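Below is one structure, written out as structure tokens, with a few remarks after it.
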Amino acid sequence: MYQFFVEEEQVHSDSISITGGDVNHIKNVLRMKNGEKIRVSSKSGQAYFCHISSILDDEVIAAIDSADETGTELDNHIVLYQGLPKGDKMELIIQKAVELGVSEIVPVAMKNCVVKLDEKKAAKKLQRWQAIAESAAKQSKRTVIPTVKQPVKIASELDITLVPYENERGMDATREIMGQLMAGQTIGVVVGPEGGFAPEEIALVDEHATMHRISLGRRILRTETAGLAALAMLVYNLDV
């Protein structure tokens, strides 16, 4: 069943109006017909099971069959703070992080980042990254589209922030912290770039009571793997 997102004003009492680029996708790419089932979510996070009732030139009308009361979202707001990686690795990270249930993705300009984005480049990258997040949200049947924020220098404080660190040894502490997480908490995951965290960045982590260094095992993971491994652990502990 294909997934689509709409604005609040496109949702009516018994039908939903789908407009924009999704119309061409439904008509000419998916070649869908009247009666086919789809899932539609509003930007507020309410999802509906629908069937296509009418396909027009610039609009598709979906009749609402029922509301999706279960949804696909975690009960936690999870933010991935990702040290800017080289090449197109950020695109893969965004795609997979969205599939794993992240709520926000914030690229972070850390000391050892090779990539340096000026304001013009950042705006262009952000537009593409947000489009990748939306595509991944559709594919994974997310109820909301996670937001990709402007690159920043530091992570803001949440209820708890986990920092996978290659010099942190032992999974027992990681298991203990994961086991203490509760539904409703806001959780951050901070991942360093290819060059790793600078000593002063780790020192900053140690100064905050809500930030915890964790191990992801005895092997050294690439920057594009570390965050996804941490997110998978969170899904295991928090998804019900």
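The values are calculated or read from the model by the stated rules, or taken from the named source; none is laboratory data. Because the structure is a prediction, the values reported are computed rather than measured. Because the Cβ atoms are built from the backbone with ideal geometry, glycine has one as well, and the counts that use them run over all protein chains shown. These area figures cover heavy atoms from the full protein model, side chains too; ligands, DNA and RNA do not enter into them. Shrake-Rupley method; radii C 1.70, N 1.55, O 1.52, S 1.80 Å.
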Quiz item: Among the numbered criteria (1) within 30 Å of Glu200 (Cβ to Cβ); (2) surrounded by fewer than 16 Cβ atoms within 10 Å (Cβ to Cβ); (3) touching a Cys at 6+ places or on another chain (Cβ under 9 Å), which single criterion is violated by Glu119?
Solution: (3)
Practice problem: Evaluate segment 158-180: report whether one residue or more is in contact with an Asp or Glu (Cβ under 7 Å, 6 or more places away or on another chain) and part of a loop (DSSP other than H, G, I, E, B). | Solution: no
Quiz item: Within segment 2-47, how many residues are assigned to a helix (DSSP H, G or I), under 24 Å from Glu73 (Cβ atoms) and in contact (Cβ under 8 Å) with a residue 24 or more places away in the chain?
Solution: 3
Practice problem: Take the residues in segment 122-165 that are under 30 Å from Ile202 (Cβ atoms) and among the basic types (Lys, Arg), then tell me which one is surrounded by the most Cβ atoms within 10 Å (Cβ to Cβ). | Solution: Lys125
Quiz prompt | Subset of segment 205-219 that is part of a helix (DSSP H, G or I) and open to solvent by 80 Å² or more (accessible area, probe 1.4 Å) - its residue that is farthest from Met233 (Cα to Cα) | solution = Glu207
Exercise. Could you tell me which residue of segment 48-86 is farthest from Glu8 (Cα to Cα), considering only residues that are open to solvent by 30 Å² or more (accessible area, probe 1.4 Å), in a strand (DSSP E or B) and of a type in the set (Val, Ile, Thr)?
Key: Ile55
Exercise. Would you point out the residue of segment 168-189, among those that are in contact with a Phe, Trp or Tyr (Cβ under 9 Å, 6 or more places away or on another chain) and of a type outside the set (Gly, Ala, Ser), that is surrounded by the fewest Cβ atoms within 10 Å (Cβ to Cβ)?
Key: Met178
